[in-house]
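The values are calculated or read from the model by the stated rules, or taken from the named source; none is laboratory data. Only a predicted model underlies this, so the values are computations on that prediction, with no experimental measurement involved. Methodologically, a virtual Cβ is constructed for each residue, glycine included, from the backbone with ideal geometry; neighbour enumeration extends over all protein chains shown.
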């Protein structure tokens with residue numbers, strides 16, 4: 001009787017160790033977001049533009065991204081319509097985009113980055129940007 005229980009345990013243990021094939025890769029980490037531009041707290045003059053430059057990466061497979069300008073809580077703002085999103089494949093994606101700044105808008109917003117991988121793990125990043133009236137000295 002004890003031998004049967006031990007054999008059953010060994011069979012069950014060997015099944016659990018062989019459940020994953022050698023070709024399968026476990027997705028253990030959430031994606032990463034590296035924002036090169038704009039820098040946090042960077043100032044821009046109204047009526048100009050700035051570049052959004054970011055790289056999204058995952059250890060196994062990316063699925064989608066969404067970037068928008070909003071308030072601190074992530075709510076969409078109507079002063080400056082900027083929103084870009086898409087489905088992704090592969091392990092890395094480099095986003096470069098230009099944002100046109102109107103002549104008149106609020107002074108501070110947040111650029112929100114959200115990335116999801118194929119296993120539905122998510123990463124988020126926020127960058128605060130400031131908008132100054134043309135010719136205004138930055139940092140005063």
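Structure notes:
- Listed conditions (1) modelled with pLDDT under 95; (2) under 20 Å from residue 133 (Cβ atoms); (3) in contact with a strand residue (DSSP E or B) (Cβ under 9 Å, 6 or more places away or on another chain) are all met by residue 44, apart from (1).
- Considering region 5-40, and only residues there that are assigned to a loop (DSSP other than H, G, I, E, B) and loosely packed, with under 10 Cβ neighbours inside 10 Å, the residue that is modelled with the highest pLDDT turns out to be 28.
- Region 108-135 - residue that is modelled with pLDDT under 95 and surrounded by fewer than 12 Cβ atoms within 10 Å (Cβ to Cβ) and, of those, nearest to residue 48 (Cα to Cα): 134
- For region 41-140, the strands (runs of 3 or more DSSP E) that sit wholly inside it and include 1 or more residues that are touching a residue at least 40 places away in the same chain (Cβ under 8 Å) and more than 30 Å from residue 27 (Cα to Cα) are 42-45, 49-57, 62-70, 92-100, 108-117, 122-132.
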